[in-house]
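Report on the structure given below.
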Amino acid sequence: MKILKKLRKLDPDPILSSERMRIYFEDDLKKLGEDACRLSEEQERQALEFWNRYTPLTSAAWISYYYSRTGVFDVRFVPQDIFYAEIDKLLNHPVRAYGVDDKLLSYRIFPKEIQPKPVAVHYGSVFLNADFEVISRGEAFRLCEEEKTVVAKPVTDSCGGTGVEVLRLPEDRGRLARVMSFDYPVLFQSKVEQHPDLAVFHPESVNTVRLLTYLRESGEVVVLSSVLRMGVGDSFVDNHVSGGCSCGISEDGTLHDFGYSNDGYQIKAHPGGVSFASLRVPHYRALADTAKRLHLYLPQFAMLSWDLSVTPDGRPVMIEMNIGKPSIDFMQQNNGPLFGDYTEEVLERVYRLPLIR
């Protein structure tokens, strides 16, 4: 037991069992589902019958929650506890993912030209330049000042935009000095200039397309779901947990007629007033093709999530790639069941072998 406790302290990303994960989400579901539509006895029977073909499920509460938010009853809506405790960790091994899901490694794995330009890196007492050569703290400071505006983000363990700062120099020299004194690694990047068709919703944030790609056992990469994420108010990030909103994207790049607020309610327009109906994500096909192509750089992971933007001249930019633990609530709210037509294929793949609980 003492060894197990020590290992848990060393492991920053412990893998919860299915049972513990379900308990973890109980309070969350109660808060989100206080006004959830109650399923009929027949609907609940269908939902439980479907999921019990793969894994024990005693409550259809998550299907009920998505029914209340979307107005659509579909047994294929993926319960979040099952997703994070079972499906996600079998499609993307968490321990292996933790070693690769590093913003510095992205520049070694993926082409640098499709990513924001690195300006400097602060890694403990070590500072690096864009070519990952050791430089002094003063030189790193100078490089950031020359850039005028830099985005500082944690290299690892960043979720929902936590720890991300936009520094405008020289007025933010004090904040820059503070960030450079942090005891965790920080990457400084140039700020991405986004296409005006994306900026129209909220110019203060880089509004990104979140794509979820799936590598089938046949070798084909498909886009499971995609949404446009937008910042709200004075936020410079577009994450839902930071107050942002989202809207689903059709295969031709057209936005759905309504999106969702960060608390899961339907909205027909961005809080700033711009309606979603009939608007289109610029160069969406290029974004989807880019995500599918890049997925094959990491074929050991079956499911990846991508945050992509588009420059004014139509060039796709990979803002971030995440392995495992993607936010699935706003994906399912906007686009229906996470795996869509691939649901049974994915579940049969995941539950082909007995699940280690």
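For the range 267-281, a residue qualifies if it is in contact (Cβ under 8 Å) with a residue 12 or more places away in the chain and open to solvent by 50 Å² or more (accessible area, probe 1.4 Å), and the qualifying residues are Pro271, Gly272, Ser278, Leu279, Arg280. Selection of the range 167-223 for residues being polar (S, T, N, Q), part of a strand (DSSP E or B) and farther than 22 Å from Thr149 by Cα yields only Thr213.
Just to be sure before I move on: is Phe182 at pLDDT 95 or above, aromatic (Phe, Trp, Tyr) and under 25 Å from Asp102 (Cβ atoms) in the structure I sent? No, not satisfied. Checked against (1) open to solvent by less than 20 Å² (accessible area, probe 1.4 Å); (2) under 19 Å from Gln189 (Cβ atoms), Ile114 passes all but a single condition, namely (1). For the range 70-84, check the following and say yes or no: at least one residue is in a helix (DSSP H, G or I), closer than 21 Å to Asp307 by Cβ and open to solvent by less than 40 Å² (accessible area, probe 1.4 Å). Looking for residues that are in a helix (DSSP H, G or I), closer than 21 Å to Asp307 by Cβ and open to solvent by less than 40 Å² (accessible area, probe 1.4 Å), one finds at least one in the range 70-84, hence yes.
Screening the candidates Gly264, Gly314, Gly248 for the property of being assigned to a loop (DSSP other than H, G, I, E, B), open to solvent by less than 10 Å² (accessible area, probe 1.4 Å), within 25 Å of Glu204 (Cα to Cα) and not acidic (Asp, Glu) yields one hit, Gly264. Of all residues in the range 47-56, exactly one satisfies the criterion of being open to solvent by 70 Å² or more (accessible area, probe 1.4 Å) and not in a loop (DSSP other than H, G, I, E, B), namely Glu49.
Residues in the range 98-110: is at least one at pLDDT 95 or above and open to solvent by less than 30 Å² (accessible area, probe 1.4 Å)? Yes, the range 98-110 contains at least one residue that is at pLDDT 95 or above and open to solvent by less than 30 Å² (accessible area, probe 1.4 Å). Residues that are open to solvent by 40 Å² or more (accessible area, probe 1.4 Å) and at pLDDT below 95 were ranked within the range 321-347; the one that is farthest from His295 (Cα to Cα) is Asp329. In the set Ala152, Ala97, Ala120, Ala130, only one residue is small (Gly, Ala, Ser), touching a residue at least 12 places away in the same chain (Cβ under 8 Å) and assigned to a loop (DSSP other than H, G, I, E, B); that residue is Ala130. Take the conditions (1) β-branched (Val, Ile, Thr); (2) in contact with a Leu (Cβ under 9 Å, 6 or more places away or on another chain); (3) within 25 Å of Gly231 (Cβ to Cβ); Ile82 misses just one of them, which is (3).
State whether the residues of the range 193-211 include one that is under 20 Å from Lys103 (Cα atoms) and over 20 Å from the mean Cα position of the chain (by Cα). Yes: the range 193-211 contains one or more residues that are under 20 Å from Lys103 (Cα atoms) and over 20 Å from the mean Cα position of the chain (by Cα).
The values are calculated or read from the model by the stated rules, or taken from the named source; none is laboratory data. What you are looking at is a predicted structure, and each value in this text was computed from that prediction instead of being measured. Note that we place each Cβ from the backbone using ideal geometry, even for glycine, and neighbour counts take in every protein chain shown. Surface accessibility is based on the protein's heavy atoms, side chains included, excluding ligands, DNA and RNA. Shrake-Rupley method; radii C 1.70, N 1.55, O 1.52, S 1.80 Å.
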